[in-house]
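The values are calculated or read from the model by the stated rules, or taken from the named source; none is laboratory data. Bear in mind the structure is a predicted one, so any value in this text is a computation, not a measurement. Heads up, the Cβs are rebuilt from the backbone with ideal geometry, glycines too, and the neighbour counts pull from every protein chain shown. Side chains are part of the model used for accessible areas, which takes the heavy atoms of the whole protein and leaves out ligands, DNA and RNA. Shrake-Rupley method; radii C 1.70, N 1.55, O 1.52, S 1.80 Å.
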Amino acid sequence: MKTSVRSTAMVLPLFAVACAAFAMLLLFASGPGARLNVWNFKTGFSMIKAAGYTGLGCAVVALASSVISVRRRHFKGIFVSLIALILALIAFGIPLYWKVQAQNYPRIHDISTDLNNPPRFVAISTERRAAVRYGGVEVATQQMKAYPELKTVVLALPANEAYKTALLTVRELGWDIVAERPAEGTIEATDTTRWFGFKDDIVIRIVPAGDRSLLDIRSVSRVGISDLGTNAKRMRAFIAKIALGRK
């Protein structure tokens, strides 16, 4: 009789932990699956959303299971319920955190240090079979508000040396170089995001200014409306690295 009662007492905790594990699976498979082309990125986004809702539901079940197990003094049930609660809260908390973070970024995905005359894509436009058009004043206004620090970089190097430094920095960052045009002072490259494997395109332009040079960089996502700050972070990393390389 006691064995039967104990078995019944484990039904809810085991259901809760299985539910939480499923939510975690949805969450952590969403990006890699899209990157491996098992499903498209929109499906991956839906999986993240589903993981959040599933995690919330599982947290409620796990909490109820914990209370019941405590009342029954069923220590194994308490332990399993707590594991389920932790997993469920992770599955719910991560999508919630991402959603809150997304609200802090502007709904743009084309970032440039030169807002009046953004560097142009040539080779990448051919590869994408479409020109990479800049959004104009609306995009520039949002960028100035969100990333006012991203401006043309003045390098205390002649243009040819600045070009070599920029090219070396691109390689160190692991970007895939699409085109090198030293005569024009431009470099085009592509970077791949870690989670979803999104392809983002970058163009760097170096213009001589006496014994110095002016460097501009532009980073554009291929899909989506908001980039969650990815392009700006990439540009900051490049600028910081090239500044470090000059010291």
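Within the range 169-191, can you find the residues that are in a strand (DSSP E or B) and farther than 28 Å from PRO32 by Cβ?
Within the range 169-191, ALA179, GLU180, ARG181, THR186, ILE187 meet the criteria.
Please go through (1) open to solvent by 30 Å² or more (accessible area, probe 1.4 Å); (2) in a strand (DSSP E or B); (3) among the hydroxyl-bearing types (Ser, Thr, Tyr) for SER213 and return the number of the only condition it doesn't satisfy.
(1)
Mind listing whichever residues of the range 72-85 are open to solvent by 100 Å² or more (accessible area, probe 1.4 Å) and part of a helix (DSSP H, G or I)?
ARG72, PHE75, LYS76, PHE79
How many residues does the range 217-242 hold that are of a type in the set (Gly, Ala, Ser), open to solvent by 30 Å² or more (accessible area, probe 1.4 Å) and under 20 Å from THR169 (Cβ atoms)?
2
Out of the range 179-191, which residues are open to solvent by 20 Å² or more (accessible area, probe 1.4 Å) and farther than 30 Å from TRP98 by Cβ?
Result: GLU180, ARG181, PRO182, ALA183, GLU184.
Got a number for residues in the range 96-117 being surrounded by 18 or more Cβ atoms within 10 Å (Cβ to Cβ), outside any strand (DSSP E or B) and within 23 Å of the chain's Cα centre (by Cα)?
Number satisfying all stated conditions: 4.
Since ALA166 meets every condition but one in (1) part of a loop (DSSP other than H, G, I, E, B); (2) touching a residue at least 60 places away in the same chain (Cβ under 8 Å); (3) of a type in the set (Gly, Ala, Ser), which condition does it not meet?
For ALA166, the failing item is (1).
Checking GLY210 against (1) within 25 Å of the chain's Cα centre (by Cα); (2) on the phi > 0 side of the Ramachandran plot, which test does it fail?
Status for GLY210: all satisfied but (1).
Looking only at the range 152-163, count how many residues are open to solvent by 70 Å² or more (accessible area, probe 1.4 Å) and part of a loop (DSSP other than H, G, I, E, B).
1
If I filter the range 130-151 down to residues being in a helix (DSSP H, G or I) and either touching a residue at least 12 places away in the same chain (Cβ under 8 Å) or of a type in the set (Lys, Arg) (or both), which single residue comes out as most open to solvent (accessible area, probe 1.4 Å)?
LYS145
Condition test on ARG194, is it part of a loop (DSSP other than H, G, I, E, B), of a type in the set (Lys, Arg) and loosely packed, with under 15 Cβ neighbours inside 10 Å?
Taking the combined requirement at face value, the residue satisfies it.
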